Amino acid sequence: MNSQWITESLKAIATLENARWKNIMDYVIAKTERKISNTTLSRDLRKLMKMGFIEKENDEYKNPRSNYEVHIAKRLSLIFNILYSILI
């Protein structure tokens with residue numbers, strides 16, 4: 001696993017948010033100025049998913065924390081609204 005490709009793959013997913021495989025490939029090639037094989041990128045993305053760094057949903061790769069953070073933000077907003085209505 002080439003750490004430069006892994007790093008650039010993670011940057012692509014973070015930058016593009018919901019990135020398709022082709023978007024990640026284009027990003028990695030643009031940033032590294034090196035060709036990466038389809039097999040290598042696919043293998044590295046599978047490893048990142050297995051380690052929990054990314055997840056795949058509907059052919060898009062994304063940061064798994066983003067869904068969690070949105071969920072928490074919604075819950076906190078609800079709690080603050082309830083507290084505000086009680087205090088007013």
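Laboratory data are not the source of any read-out in this text; all were calculated from the coordinates shown. Computed from a prediction, not measured in an experiment: that's the story for all the values here.
Two decimals, Cα atoms only, Kirkwood Rh: what is Rg/Rh over region 3-63? Present the calculation step by step, with values, prior to reporting the outcome.
Details: Rg = 10.1 Å, Rh = 11.1 Å.
Rg/Rh: 0.91.
For Cα pairs less than 8 Å apart in space and 6+ apart in sequence, what is the mean separation divided by the residue count of region 3-63, i.e. the relative contact order in percent? Don't skip to the end; give the middle numbers.
Values: 58 pairs, mean separation 24.6, N = 61.
It rounds to 40 percent for region 3-63.
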